[in-house]
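First the structure, in the form of structure tokens, and then the observations on it.
Each value in this text was obtained by applying a stated rule to the coordinates, not by laboratory testing. Here the structure is a predicted model, which is why all the values come from computation and not from measurement. Note that we place each Cβ from the backbone using ideal geometry, even for glycine, and neighbour counts take in every protein chain shown.
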Amino acid sequence: MLKDVLSRIDKRLRALGLSESAAAKKSGLSDSAIRNIRRAVEKDPHKTGGVTSSTLAKLAPTLKTSVAWLLEEAGPEIVEGNVVDHSFVPAKLISWVSAGALSLPEQAHDDELEYAPTVYAPDLDPAGDWIALRVDGDSMNRISPHDSIIFVNRKDKRLVPNACYIIGDGEGGATYKRFRPPNTWEPVSTNPQHQPFVLPHGVEPDIIGRVRKTILAM
């Protein structure tokens, strides 16, 4: 909950002898940034949202800790150095996505994200709008094997040759494919049964977001 994040911010402020306004300004935020979090908690002690990962990514180096520790007390409390912490960017694991033919995942609405489990990945843009999906199928298994977790930036929809995306079919279905200009979407698979598909001329793909990382538990 947000009050737990604020409690950890306060703990680091006390440890470093910093005021909330000084820490916020040193982090490149408005001097009321932490005070605004405090006001949100006072208004609703059970509030779950209210602070972005980009805000925490700016605060974490000033507080000599990590985004993961501020969010969920994951990892070490003290992280020395002044490098912006791009490790352990959080994403809600909301669904699975077919890596084969278009199929209907159990997609969660944005207002349900707070109930979804949180997973983390290193070296992602903290300003992104991240969701995580579990891959079902083998049509992308050279990049993302079956049951791996992919991290999708919903803010990144610009088409780049050879980049990978989650695209929708306009009816709630989604698939994971690599883009080839002008409008071909291909598998990256060891299974020769999977074939590319081409959208008709003039049909714009429904880009849900760009896939930037795959994680597979061993």
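Computed from the Cβ-Cβ distance with R0 of 30 Å, the FRET efficiency linking Ser32 to Leu216 stands at 0.10.
Overall, the chain carries a charge dipole of about 820 debye about its Cα centre when +1 sits on the Cβ of Lys and Arg and -1 on the Cβ of Asp and Glu, all other atoms neutral.
For Lys47, the lysines whose Cα comes closer than 27 Å to its Cα, not counting residues fewer than 8 places off in the same chain, are Lys3, Lys11, Lys25, Lys26, Lys58, Lys64, Lys92, Lys155. Considering only Ser66, Ser19, Ser148, the mean-square fluctuation computed in a Gaussian network model of the chain, springs between alpha carbons under 10 angstrom, is largest for Ser19.
Modelled this way, with points 7 Å down the Cα-to-C-beta line, the labels at Met1 and Asn191 are 4.5 nm from one another.
Hull volume per residue, based on the alpha-carbon atoms of the chain and their convex hull, is 138 Å³. Ranking Ala22, Ser7, Ser66 by Cα position along the charge dipole of the chain, where only Lys, Arg, Asp and Glu carry charges on their C-beta atoms, puts Ala22 farthest toward the positive end.
Report the calculated FRET efficiency for Asp129 and Glu80 (r = Cβ-Cβ distance, R0 = 25 Å), to the nearest 0.05. According to the calculation, E is roughly 0.25. For segment 89-215, the Kirkwood estimate of the hydrodynamic radius, built from every pair of different alpha carbons, is 14.6 Å.
Per-residue packing, averaged as other Cβ atoms within 10 Å, sorts the ranges 206-216, 55-65 into the order 55-65, 206-216, beginning with the highest. Each principal axis of the Cα cloud of segment 126-193 was evaluated for its coordinate range; sorted largest first, these ranges are 37, 29, 25 Å.
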